[in-house]
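The structure under discussion appears below in the form of structure tokens.
The values are calculated or read from the model by the stated rules, or taken from the named source; none is laboratory data. Worth saying up front: this structure is predicted, and the values here are computed from it rather than measured. Glycine gets a Cβ as well: all are built from the backbone with ideal geometry, and neighbour counts include every protein chain shown. Ligands, DNA and RNA are excluded from the accessible area calculation, which covers all protein heavy atoms including side chains. Shrake-Rupley method; radii C 1.70, N 1.55, O 1.52, S 1.80 Å.
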Amino acid sequence: MATTARTVGHDEVAALKTVALRGGLREPVKVSCSALGDRLDASSQTASRRLQRLEEAGLLDRDVVSDGQWVSVTDEGERRLRAEYADYRRVFEDGTGLTLSGTVTGGMGEGRHYISLSGYMAQFRERLGYEPFLGTLNVALTEASVRARAGMDSVDGVPIDGWEDDERTFGPATCYAARVEATGGSFEPAHVIVPERTHHDEEQLEVIAPAKLRDELGLDDGDELTVSVEDAVRADGPTAGDADADEEPAGGTEATE
């Protein structure tokens, strides 16, 4: 969120990590600013300001009492810490990816339309190296995978630029290389597609592939599967992130196969 980007830096994240290490991910913990300042090599006033910024950014809940304050890490705060964790894994572990679990679910039926649009399809062919099946496989993530999804912020994706025609503007998206595994086997290449704006929330994942994944893997609604996400490489050469996307975002590739 924009507020987090403006007010939270590395110093605040260090304070957030300290709260989590004291058990603040599980339940509220009592913290004194003097003790926190000692831990962070900062003054009590500085420690207090960092906690305030974390609260303002929605990463921390605080309840100030006479002899200190009770603090706990919010869901958004946990996402921020998981993103930091994913960064460090990429530093120290070669080839680190991300595995998400969930169940197949139906969508709203709009994926066929959005994916078929020429402005998107041409980029899929050039940048992903294949023409996707006209529809997305929708996955309802488990609770643990919803939290772990923050690690995608540290995975390289292929940008799909926004574009416009005579009637409207269509927004950008990012595609992350993926392998889909279920009891019926595994399939790749595939990509998790994340529109800049989507009707789905963080509990939903959309996957595109050059074939209909439901048929390839024998999937029905409610079937369990895993999606292994890793760094994506553009088929046409440029590295991920080279293209700019300045247009207004579209409504997303909301759909199912």
Simple spin-label estimate for ARG39 and VAL91 in nanometres, 7 Å along Cα-Cβ: 1.9
Accessible area in square angstrom per residue, segment 74-179, 1.4 angstrom probe: 47
Apply the Kirkwood formula to segment 14-102: the hydrodynamic radius equals the inverse of the mean of 1/r over all pairs of different alpha-carbon atoms; give it in Å with one decimal. 13.9
Could you tell me which trypsin sites (Lys or Arg not before Pro) in segment 7-74 are loop residues by DSSP with no more than 16 other beta carbons within 10 angstrom of their beta carbon? ARG26
Percent RCO, i.e. relative contact order, over segment 58-150, from Cα pairs under 8 Å lying at least 6 residues apart: 29
Dipole of segment 77-183, Cα-centred, from +1 at each Lys and Arg C-beta and -1 at each Asp and Glu C-beta, to the nearest 20 debye? 400
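Report the GluC sites (Glu not before Pro) located in segment 162-192 that are in a DSSP loop and have at most 13 other Cβ atoms inside 10 Å of their Cβ, or state none. All intermediate terms of the calculation are to be shown ahead of the outcome.
Numbers: sites: GLU164, GLU167, GLU181; in loops: GLU167.
Passing both the DSSP loop test and the Cβ count: GLU167.
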Go ahead and collect, in residue order, the members of segment 32-70 whose backbone nitrogen is under 16 Å from a label point 7 Å along the Cα-Cβ direction of ALA83. 54-60
